[in-house]
1. Using only the alpha-carbon atoms, how far is helix 43-59 inclined from the longest principal axis of the chain? Give it as 0 to 90 degrees, nearest 10.
2. Among rounded, prolate and oblate, which fits the stretch 139-181 when a ≥ b ≥ c are the square roots of the eigenvalues of its C-alpha gyration tensor, a/c under 1.5 means rounded, and a/b larger than b/c means prolate?
3. Once every DSSP H run of n ≥ 4 in the chain is given -39500 (n - 2.57) and the sum is divided by its residues, what mean residue ellipticity at 222 nm do you get, rounded to the nearest 500 deg cm²/dmol?
4. If you stretched the chain out fully between Lys159 and Lys192, how much longer would it get, using 0.36 nm times the residue separation minus the C-alpha to C-alpha distance?
5. Please work out the C-alpha center-to-center distance from the stretch 218-244 to the stretch 51-69 and express it in whole Å.
6. Under a plain spin-label model, where a point goes 7 Å from the Cα along Cα-to-Cβ, how far apart in nm are Glu57 and Arg232?
7. According to a simple spin-label model (label point 7 Å from Cα along Cα-to-Cβ), what is the distance in nm between Asn167 and Asn104?
8. Report, in listed order, any pair from Lys52/Lys159; Lys192/Lys250; Lys54/Lys195; Lys128/Lys159; Lys149/Lys250; Lys107/Lys192 with a Cα-Cα distance greater than 29 Å.
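FYI, it's all coordinate maths here, none of it is from the lab. Here the structure is a predicted model, which means the values were calculated and not measured. Positions of Cβ are backbone-derived with ideal geometry, glycine not excepted, and every protein chain shown enters the neighbour counts.
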Amino acid sequence: MKLIDGKAVAAEIRGELRLRAEAFETKHGKKIGLAVVVIGEDPASQIYVRNKIKACEDVGISSSVLRLPADIAASEAESALKKLAADKNIHGILLQLPVPPHLNADKLLSLIPTEKDVDGFSAENIGKLALNRAETVACTPLGVMELLKRYDVCLGGKKAVVIGRSNIVGRPMALLLLNADATVTVCHSHTKNLKAECLTADILISAVGKANFVMADMVKEGAVVIDVGMNRDPDGKLCGDVDFDSVKEKASLLTPVPGGVGPMTVAMLLRNVVAAAERSER
Ligand code: NAP
């Protein structure tokens, strides 16, 4: 089994992006700009936002965080997003989810113009992906595709099984694999014989959110296994969905957690921001 080193690939991509960000600044006399909107005090969001800001600094993207109070009126949150939407120095806007329950996340997301939707969550961007005309794709599945590419995993005609169908991971993941000519099966909590489905997979991608969910008896000999899950084990240690120790005996390529898909999500966010800025000046 060969380990997929997401940390190393992400570092390589950040190096490439640093050069693109520098070239943008030289050509247009301004930095690439990302705005992150955080509403309320969700503790996990604070950590995610800090990591994103640090990553932006690392590649030379100027980032700003707009912190809005948890009890903000919907109309005020909407005006704040509209202001960022109109700002020519902001090339990407992230609305950190979840938002407080009195706000409508879909309504707020719809105020981010498609060209600044660097998370790829807008209905238009998801529609374009479904039509195989994607410009901006959700960062986590895009990161998985980049790992498969950089590890020379050929997808054409291969059988791919995705466990999970969320709008941010499983669903766009399945569309990307389909667009890359794989034969794709999407499994979810209503799937009848999950083990049998998984055993057909040349490429198995798990995005469920349960530790030790994928065991060795669900993996075909020689399969490529990508673990998107981010869970805590009973000792509080970060782990994925895949039982790493048993599955490593079967898989030909396997992502660890941490150090697999996670670092790629951030790298793809940065790449989406750089690409959005470059497109805006075309
Ligand atoms: P989610 O919205 O909770 O979706 C989980 C999916 O798993 C659902 O589609 C669900 O099916 C399916 N599922 C649950 N139990 C199942 C079962 N017993 N058999 C088959 N399918 C089952 O989660 P998510 O947002 O997609 O995230 C998935 C995992 O990826 C989480 O651990 C999350 O932390 C992680 N994640 C990691 C990154 C990263 O950067 N590495 C980024 C995003 C997410 P139904 O649709 O039928 O309910």
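1. Once rounded, the angle reads 80 degrees.
2. Oblate.
3. Helix-only estimate at 222 nm: -13000 deg cm²/dmol.
4. Between Lys159 and Lys192, full extension yields 10.0 nm more.
5. First find each Cα centre; the distance between them is then 30 Å.
6. Computed distance between label sites Glu57 and Arg232 equals 2.6 nm.
7. Going by the 7 Å Cα→Cβ label model, 1.3 nm.
8. Where the Cα-Cα span goes over 29 Å, the pairs concerned are Lys52/Lys159; Lys54/Lys195; Lys107/Lys192.
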